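Structure record follows, encoded as structure tokens.
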Amino acid sequence: MSIVAGFDVGSLTTKAIILKNKKILGAAMIRSGPRPVASAAKVLEKLLDETGIHQADIIKAVGTGYGREKITFIDKAVSEISCHGKGAQWLIPSARTIIDIGGQDCKVIRLDKQGNLIKFITNDKCASGTGRFLDVMAKVMNIDVSELGKLSVKSTEPITFASMCTVWAQADVIKHINSRKSVEDICAGINTAMANRVAMLTNAIKIENDICMTGGVAKNAGVVKALGKLLGCRIKQIKKVDPQLIGAIGAALFAQEMVLKKSSSS
Ligand code: ADP
């Protein structure tokens, strides 16, 4: 019985996955707290509770995410770039460009057919182009961030922003709410602004098909659609599992590889 686990301690959410013989046995997700060590312990407890598996049954565990170095119960820490690439290509083998948009950064990752990293680019300097931008805008609109995508696809006349700065864009949203612009059009404007920023980053490295998205923002249908339009391609959606879990899945796959390497060398 080969049970392995992957943990992704992100800026906003902490995710965990258990794999048994390359099949997903269970997953858990919680909101990250200020201390990565505590978030990791909490998600582990939830994962064990929900799967009924004992910690001692996990033979290898790998951690990723910004808080990976603080996880006490893992065998190895692996970068988010490697884990998102690994997880995405496991689910979509034809994926060559992976766009991961999380709570505080956005990464574009290029892989070859064998999964080797060709190059990557990151935006972690500015909130626009990250999930944080969407969270702030949803709050201003008094809606849940999960509604932004559903509402925006019904828009007929998306608003445009005078500035991409998150602070100025908030003022723009308030102005549009007060001028009675439809919620759908404001949501579409927000998602398109976000997609514009991500497209700029994506175009800075030569993208190759197939393209897929990982991270929480991949669940926003409005951003996915707008980004596909700006890049002139169809973005393949990961449907079998929650795309927010891909980093943790990649980490669990690295744990699986550690087990295989150990058994082939002994
Ligand atoms: P991190 O790994 O940095 O913690 P995540 O990959 O968990 O980030 O992504 C968090 C972001 O995902 C949030 O900022 C939010 O914008 C977006 N998000 C989370 N859940 C949903 C949802 N159900 N629908 C649309 N967007 C979502």
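If you average 1/r over every pair of different alpha-carbon atoms in the range 93-237 and take one over that average, what Kirkwood value in Å do you get? When all Cα pairs of the range 93-237 are included, the Kirkwood radius is 15.2 Å.
Working note: Karplus 6.51/-1.76/1.60 with θ = phi - 60° gives the range 39-53 the couplings 4, 5, 5, 5, 5, 5, 4, 5, 4, 5, 4, 6, 9, x, 8 Hz, where Gly and Pro are set to x. Taken about its Cα centre, the range 93-237 carries a charge dipole of roughly 260 debye when the Cβ of each Lys and Arg holds +1 and the Cβ of each Asp and Glu holds -1. Rounded to whole numbers, the Karplus 3J(HN,Hα) couplings from phi for the range 178-188 are 6, 8, 6, 5, 6, 4, 4, 5, 5, 4, 5 Hz, using 6.51 cos²θ - 1.76 cosθ + 1.60 with θ = phi - 60°, and x at Gly and Pro. Extension gain, Ile174 to Asn142, is 10.4 nm, computed as 0.36 nm per intervening residue step minus the present C-alpha separation. In this structure, the amide hydrogen of Asp105, modeled 1.01 Å from its nitrogen in the peptide plane, lies closer than 5 angstrom to those of Gly131, counting only residues at least 5 positions away or on a different chain. In the range 93-237, Cα pairs under 8 Å separated by at least six residues give a relative contact order of 31 percent.
Rounded to the nearest 20 debye, the dipole size of the chain about its Cα centre is 440 debye, using +1 on the Cβ of Lys and Arg and -1 on the Cβ of Asp and Glu.
Charge dipole (Cα centre; +1 on Lys/Arg Cβ, -1 on Asp/Glu Cβ; no other charges) of the range 31-71 amounts to roughly 260 debye.
The residue list Val78, Phe7, Ile18 was ranked by how far each Cα lies along the charge dipole of the range 1-78 toward its positive end, using unit charges on Cβ atoms, and Val78 comes out on top.
3J(HN,Hα) along the range 96-104: 10, 10, 10, 10, 9, 10, x, x, 10 Hz, from the Karplus curve 6.51 cos²θ - 1.76 cosθ + 1.60 with θ = phi - 60°, whole Hz, x for Gly and Pro. How many percent of the accessible area of the chain is carbon or sulfur, using a 1.4 Å probe? Its accessible area is 52 percent carbon and sulfur atoms. Considering only alpha-carbon pairs that sit under 8 angstrom and 6 or more positions apart, the relative contact order computed for the chain is 23 percent. Gap in Å between the Cα centre of the range 209-262 and the Cα centre of the range 170-203? So the separation of the two Cα centres works out to 24 Å. Think of a 1.4 Å ball rolled over the protein heavy atoms: the chain then has 48 Å² of accessible area per residue.
Per the Debye formula on identical point scatterers at the alpha carbon atoms of the chain, with no solvent, log10 I(q)/I(0) at q = 0.09, 0.11, 0.15, 0.17 Å⁻¹ is -0.41, -0.60, -1.03, -1.24. If you only keep lysine pairs separated by 8 or more in sequence, or across chains, how many in the range 127-266 come under 15 Å at the Cα atoms? Going through the range 127-266 pair by pair, I get 9. Under 5 Å between amide hydrogens, built in the peptide plane, is the criterion, and for Gly33 it picks out Ser39 among residues at least 5 positions away or on other chains.
Under 1.5 on a/c is rounded, so check that first for the range 1-120, then, if it is not, pick prolate when a/b is larger than b/c and oblate when it is not; a ≥ b ≥ c are the square roots of the alpha carbon gyration tensor eigenvalues. Cα axes put the range 1-120 in the oblate bin. When the charge dipole of the chain is built from unit charges on Cβ atoms (+1 for Lys and Arg, -1 for Asp and Glu) and taken about the Cα centre, the candidate among Val198, Asn209, Cys187 whose Cα reaches farthest toward its positive end is Asn209.
The values are calculated or read from the model by the stated rules, or taken from the named source; none is laboratory data. Note that the structure is predicted; figures quoted are calculated from it, not measured. When we count neighbours, we look across all protein chains shown, and the Cβ atoms used for this are built from the backbone with ideal geometry, even at glycine. SASA here: full protein model, heavy atoms, side chains in, ligands and nucleic acids out. Shrake-Rupley method; radii C 1.70, N 1.55, O 1.52, S 1.80 Å.
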